[in-house]
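Visitor: Below is a structure I'd like to ask you about.
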Amino acid sequence: MTTTMLSTILLVIFTSLGFIHFYWLFGGKWGLEKVIPTKDNQLNTLSIPKFATLIVGLIFVFFGLIYLVKSGLTNLEVPNWVTNYGYWILPSIFILRAIGDFKYVGIFKKIKNTNFAKADSMFFSPLCLTVAILGMLIQLIDK
């Protein structure tokens, strides 16, 4: 697999995650009941501010754009610190997310029977681990 292919995969993953957050920002309900950790299977009464949803969506799209640049499919210039550190920082963030907080989130979570925990075990943590591995592979191949 080449850097271009792996970077394109991450571009698609990150922009898709960004667009899901924009969907929620504009009133979409699909999946919302499974994206916020709870102590038990109680109904989550936490209301996430729209501004926070917007910021997270923009961050994901930005991450996608970073990998668009890495793919070589565009000629945008990026600062040296992005190429030297940023492409290692992003996978590190997702490794930490995959590992989790040892209680509600991640591979080593203790609370495992809630709707969120099941979705986290099936989708979120494996996706974070995949993103981290792909990001690290890109860096190792690109050296």
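Read-outs throughout are calculated quantities, based only on the coordinates presented, and are distinct from any laboratory measurement. Bear in mind the structure is a predicted one, so any value in this text is a computation, not a measurement. Cβ sites come from the backbone with ideal geometry, for glycine too, and all protein chains shown count toward neighbours.
Visitor: Counting only C-alpha contacts under 8 Å and six or more residues apart, can you give the relative contact order of the chain as a whole percent?
Guide: 33 percent
Visitor: Across segment 86-91, in residue order, what do the Karplus-derived ³J(HN,Hα) couplings come to in whole Hz, using 6.51 cos²θ - 1.76 cosθ + 1.60 with θ = phi - 60° and x for Gly and Pro?
Guide: x, 6, 9, 5, 4, x
Visitor: Next up: Can you list the HN-Hα couplings for segment 77-82, worked out from phi with the Karplus curve (6.51, -1.76, 1.60; θ = phi - 60°), rounded to whole Hz and with x for Gly and Pro?
Guide: For segment 77-82, the Karplus curve yields 8, 10, x, 4, 4, 5 Hz.
Visitor: How large is the charge dipole for segment 23-90, taken about the Cα centre, if only the Cβ atoms of Lys, Arg (+1) and Asp, Glu (-1) carry charge, to the nearest 20 debye?
Guide: Approximately 140 debye in magnitude.
Visitor: ³J(HN,Hα) across segment 94-105 via Karplus (A = 6.51, B = -1.76, C = 1.60, θ = phi - 60°), whole Hz, x for Gly/Pro?
Guide: Ordered by residue, 3J(HN,Hα) equals 6, 5, 4, 5, 5, 5, x, 9, 6, 10, 9, 10 Hz.
Visitor: Let me understand segment 89-134 better: what is its radius of gyration from the alpha carbons, and its Dmax, in angstrom?
Guide: Using the Cα atoms of segment 89-134, the pair Rg, Dmax is 10.0, 31 Å.
Visitor: Under Stokes-Einstein, with the Kirkwood radius over Cα pairs standing in for Rh, what whole-number D in µm²/s applies to segment 20-87 at 10 °C and 1.306 mPa s?
Guide: Result for D is 109 µm²/s.
Visitor: Right, another one. Can you find, among Ile111, Asn80, Leu65, the residue farthest towards the positive end of the dipole of segment 54-113? Put +1 on the C-beta of Lys and Arg, -1 on that of Asp and Glu.
Guide: In segment 54-113, that residue is Ile111.
Visitor: In addition: Looking only at Cα atoms, what is the convex hull volume of the chain per residue, in Å³?
Guide: Per-residue hull volume (Cα only) is 117 Å³.
Visitor: Here's a follow-up. Give me the lysines in straight-line cross-link reach of Lys34: C-alpha distance below 30 Å, same-chain residues under 8 apart excluded.
Guide: Lys50, Lys103, Lys109, Lys110, Lys112, Lys118
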